[in-house]
Amino acid sequence: MEKVPMTAEGYAALDQELKRLKTEERPAVIAAISEARSHGDLSENAEYHAAKERQSFIEGRVLELEDKIARAQVIDVSRLSGDQVKFGATVQLLDEDTNKKASYKLVGEDEADVSAGKISITSPLARALIGKEEGDVVEVAAPGGAKSYEILKIKWV
């Protein structure tokens, strides 16, 4: 069973979503199915089919979340430090082509949100950064061609 690395915040978000699905969404969809059944002929009842489809989605997501939570390897980022980039590090980069600075935190797959400055540990950029130090230049194969980034700073927040 492969462990899934994530931060404490990522674990809490998955756990919160699981609780919401079980306590709010499940009962609501069960009530919707019951209501749709009371309308008669199920073969042509769009409300019933929509509710059953929603129920299927919810149950699938519950199973997926339970699996991820069971395999979670919660990493306490506040206890990490060092000179090399690894999971949980916030890395300030300089795009050598455009001279634009960007800052990214390396997080688990389910926590990734580029607009919030969080990239998945499995992304090409994160894989290129792992093990590197401040001042190093990394090459990343991007859809638009290779990109070069200089690591300006590594922070542990």
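Quick note: the coordinates plus some simple rules give every number you see, no bench work behind them. Because the structure is a prediction, the values reported are computed rather than measured. When we count neighbours, we look across all protein chains shown, and the Cβ atoms used for this are built from the backbone with ideal geometry, even at glycine.
In a DSSP loop and with at most 10 other Cβ atoms within 10 Å, the GluC sites (Glu not before Pro) in the stretch 1-49 are GLU2, GLU44. Is there a quick way to get the dipole size of the chain? I mean about its Cα centre, with the Cβ of Lys and Arg at +1 and of Asp and Glu at -1; what is the value in debye to the nearest 20? The calculation lands at about 380 debye. The gain in end-to-end length when the GLU44 to GLU66 segment is fully stretched comes to 4.5 nm, 0.36 nm per residue minus the alpha carbon separation. Put simply, the amide H of LYS153, placed in the peptide plane, has neighbours under 5 Å in GLN92, leaving out anything fewer than 5 places away on its chain.
When Lys and Arg each count +1 and Asp and Glu each count -1, what net charge do the other residues less than 13 Å away from GLU96, Cβ to Cβ, add up to?
Values: positive: LYS100, LYS101, LYS147; negative: ASP95, ASP97, ASP136, GLU139, GLU150.
Spelling it out: positives minus negatives among the neighbours equals -2.
Relative to the longest principal axis of the Cα atoms of the chain, the long axis of helix 26-37 lies at roughly 30 degrees.
Counted over the stretch 56-127, the DSSP beta bridges are approximately 65% antiparallel. Let a ≥ b ≥ c be the square roots of the eigenvalues of the Cα gyration tensor of the stretch 79-155; is it rounded (a/c under 1.5), or, if not, prolate (a/b larger than b/c) or oblate? Note, shape of the stretch 79-155 comes out oblate.
In plain terms, the chain is cut at each of the trypsin sites (Lys or Arg not before Pro) found in a DSSP loop with at most 12 other Cβ atoms within 10 Å, and the longest leftover piece is 4-99.
Note that the stretch 7-50 shows a convex hull volume over its alpha carbon atoms of 56 Å³ per residue. When LEU94, LEU129 are sorted by how many other C-beta atoms sit within 10 angstrom of their C-beta, beginning with the fewest, the order is LEU94, LEU129.
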